[in-house]
1. Please work out the FRET efficiency for the pair residue 113 and residue 83, using the Cβ-Cβ distance as r and a Förster radius of 22 Å; give the result to the nearest 0.05.
2. Which whole-percent values make up P(r) of the chain when all C-alpha to C-alpha distances are grouped in 5 Å steps starting at zero?
3. Please list, in chain and number order, the residues 5+ apart from residue 64 or on another chain whose amide H is under 5 Å from its amide H, with Hs placed from the backbone.
4. Between residue 96 and residue 44, what's the calculated FRET efficiency when r is the beta-carbon distance and R0 is 25 Å? Round to 0.05.
Amino acid sequence: AEGDTILTKERPGCLSLWRAAEWQQREDAGVSLIRQKIQTGRLEQRWDEVQRLGRLLSTRSRTVRLANRSRLVVPEGFREFLEVPPEGEVMVIGAVVCLEIWNPRYWLEHLRQEMPTFGTLFKQLSD
């Protein structure tokens with residue numbers, strides 16, 4: 001429905017928020033490719049990984065609707081993954097293709113790890 005968005009679990013302390021149509025298109029394309037590989041026997045020796053992916057895929061995302069003034073109620077299971085108490089503060093970060101919602105502690109940890117590689121990454125992607 002119009003106004004629906006998809007909330008996904010990305011990494012501990014981080015959720016992402018996608019436009020529903022964009023997310024569905026990305027997920028459908030990936031699932032279609034995996035189905036083709038299954039049908040052609042290319043994943044026959046990797047059933048454990050296929051099952052693991054299925055479990056993660058079935059619990060990774062949920063359709064949510066933004067409330068008044070673009071507020072988001074983070075559903076149960078996702079709030080625990082984010083590790084932020086109800087009414088707790090979060091960081092909202094633009095990530096080009098989606099918005100990310102971070103537990104501030106995890107965001108700072110992520111920045112400490114990633115910021116030293118910023119210059120190299122920027123150069124690689126802009127060359």
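1. About 0.80, to the nearest 0.05.
2. Pairs per bin, as whole percents: 2, 9, 15, 18, 16, 15, 14, 9, 2, 1.
3. Close amide H contacts, sequence-distant or interchain: 5, 6, 7.
4. In this case the efficiency is close to 0.10.
A short reminder: the numbers here are calculations on the coordinates, not readings from a lab. Because the structure is predicted, anything quoted here is derived from the model rather than measured. Because the Cβ atoms are built from the backbone with ideal geometry, glycine has one as well, and the counts that use them run over all protein chains shown.
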